[in-house]
Amino acid sequence: MTACVAEIFRHPLKAIGREALAAVQLAPGEALPWDRAFAIAHEMSRPDDLAQPWAKKANFLRGVTGPALMAVSCTFDPATLQLRLSHPRLADLDIYLGKQQDEAPLIEWLSQIWPDDAPAPTRLIHHKGTAQTDVPEPWIALNSLASHAQVAEKLGAADLSIHRWRGNIWLDGLEPWAEFDWIGRNIRVGAAVLRVEQRITRCKATMANPLTGQRDLDTLSALESAWGHTDFGVYAEVVQGGSIQPGDAIEVIK
């Protein structure tokens, strides 16, 4: 089987919601468009950090602290900044991220699924042109369905959701863990070229079921016991822009 793009996802609001894409245009040195473009600060966020274009992940709401966030899905319109959030425990929320008056309803909605003993959500953060990814570089997360299948087998969970990993581009047709051998190499993905930079080290957010928002599987122990690490997926930088879509071939070029 030829390796190819299986699915593409973006997460407009960091750690909160996911949306499948039919296609995306990548640009050199930029993250996947509108991925982690917005984030929610909390009571313990550092003002000096938030004043910078990119801030450390500890400044924002995340699934590692609030596993219920993992069950949020979304739709997003970049032209209008309209965002719809859905969660199994809540009524859908429709807001416009560019309208200040919509910030309070967003915070109120999130507060209903955020732990009472965690620093409360306070405000929306957006720095135009900057993605609030977990690393300061504007990298894209690549994940392999074959590697995911091995983790699912180790856990005895055939229905293990790929959304636990919150990846951008899912790849099919690879040998399990082949993506780790790409570090420092370029790959062609559709019309784009990406340079694979490093592995992605995982946290407890992956223990939460994206259908329920409750922790139900110890993904980290499974990774550690079977493969001696807690890494899943790789980060890559776009070095040549271009359009990609599911079905596009993947090729290691150097």
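All but one of (1) part of a helix (DSSP H, G or I); (2) of a type outside the set (K, R); (3) over 22 Å from D216 (Cβ atoms) hold for A152; which doesn't? Answer for A152: the failing condition is (3).
In region 1-55, the qualifying residues are those that are more than 12 Å from the chain's Cα centre (by Cα) and among the aromatic types (F, W, Y), and the one that is farthest from T122 (Cα to Cα) is W54. Once region 147-170 is narrowed to residues that are closer than 17 Å to G213 by Cβ and not basic (K, R), the residue that is surrounded by the fewest Cβ atoms within 10 Å (Cβ to Cβ) is D159.
Only a single criterion out of (1) assigned to a loop (DSSP other than H, G, I, E, B); (2) of a type in the set (G, A, S); (3) surrounded by fewer than 21 Cβ atoms within 10 Å (Cβ to Cβ) is not satisfied by A6, namely (1).
From the residues in region 84-103 that are surrounded by 12 or more Cβ atoms within 10 Å (Cβ to Cβ) and in a helix (DSSP H, G or I), which one is nearest to the chain's Cα centre (by Cα)? For region 84-103, the residue satisfying everything is E103. Restricting to region 70-99, and then to whatever is among the β-branched types (V, I, T) and touching a residue at least 40 places away in the same chain (Cβ under 8 Å), can you tell me which residue is nearest to D116 (Cα to Cα)? Ranking the qualifying residues of region 70-99, first place goes to V72. You will find that of P28, P53, P67, the residue that is farther than 22 Å from I95 by Cβ and either free of Cβ contacts under 8 Å to residues at least 40 places away in the same chain or in contact with a helix residue (DSSP H, G or I) (Cβ under 9 Å, 6 or more places away or on another chain) (or both) is P67 and no other. Filtered by the rule that a residue be closer than 30 Å to D181 by Cα, in a loop (DSSP other than H, G, I, E, B) and either β-branched (V, I, T) or touching a Pro at 6+ places or on another chain (Cβ under 8 Å) (or both), region 104-149 gives T130, A131, T133, V135.
Taking region 175-199 as the range and being closer than 21 Å to W227 by Cα, under 21 Å from the mean Cα position of the chain (by Cα) and not in a strand (DSSP E or B) as the test, the residues that pass are P176, W177, A178, E179, F180, W182, I183.
Coordinate-derived values only; no laboratory data. Computed from a prediction, not measured in an experiment: that's the story for all the values here. Using ideal geometry, Cβ is built from the backbone for each residue, glycine included, and neighbour counts are taken over all protein chains shown.
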